[in-house]
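The values are calculated or read from the model by the stated rules, or taken from the named source; none is laboratory data. All figures in this text were calculated on a predicted structure; none of them were measured in a lab. Using ideal geometry, Cβ is built from the backbone for each residue, glycine included, and neighbour counts are taken over all protein chains shown.
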Amino acid sequence: MTSMNRTILSLVEASSLKPEVPAFAIGDTVDVHTRILEGDKERIQIFNGVVIAKAGSGSRETFTVRRIVAGEGVERKFPLHSPKIATIQVKRSGVARRAKLYYLRDRSGKATRLREKRDDTAAAADGQGGKGKAKKKAAAAKT
């Protein structure tokens with residue numbers, strides 16, 4: 001593909017990209033609000049689960065969300081810039097040390113839980129600087 005074709009393709013793709021896409025990562029628990037047409041009515045259905053994969057770039061970018069329904073794992077792949085997606089809400093940030101979390105498919109129950117990403121800004125706001133337990137113990141020992 002020549003460079004001119006790429007520039008034309010990127011200009012065409014730019015028109016279909018969403019202006020604001022929420023920042024979420026692999027391992028995050030998200031609510032994906034999808035628009036569903038039933039007859040002439042439109043309603044919004046929420047799909048809640050863990051983001052186990054992201055793929056593609058530009059207008060072809062997709063992400064896969066996995067959840068457990070009635071003891072059965074359900075995965076759904078969403079195009080990120082689709083007009084069918086109303087909003088994406090990040091409920092919880094999880095720690096993932098891999099780009100794809102396909103190993104969660106083999107696990108069940110509590111084994112599927114991911115550690116929550118620590119928010120150091122909250123610890124700094126408390127004046128503890130991330131070492132809350134040590135400072136609390138020191139303060140308790142002084143009194």
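Of all the residues that make up the stretch 73-107, how many are surrounded by 14 or more Cβ atoms within 10 Å (Cβ to Cβ) and among the aromatic types (Phe, Trp, Tyr)?
Of the residues in the stretch 73-107, 1 are surrounded by 14 or more Cβ atoms within 10 Å (Cβ to Cβ) and among the aromatic types (Phe, Trp, Tyr).
Can you tell me which residues in the stretch 9-47 are under 18 Å from VAL95 (Cα atoms) and in a strand (DSSP E or B)?
Result: THR29, VAL30, ASP31.
Is it true that ARG76 is among the charged types (D, E, K, R), touching a residue at least 24 places away in the same chain (Cβ under 8 Å) and assigned by TED's automatic domain parsing to the domain that holds GLN89?
In short, yes.
With the requirement that a residue be under 28 Å from ILE44 (Cα atoms) and part of a loop (DSSP other than H, G, I, E, B), what does the stretch 81-99 give you?
Selection gives HIS81, SER82, PRO83, LYS84, SER93.
When only residues in the stretch 48-59 that are in contact (Cβ under 8 Å) with a residue 12 or more places away in the chain and in a strand (DSSP E or B) count, which is surrounded by the fewest Cβ atoms within 10 Å (Cβ to Cβ)?
So the residue we want is ASN48.
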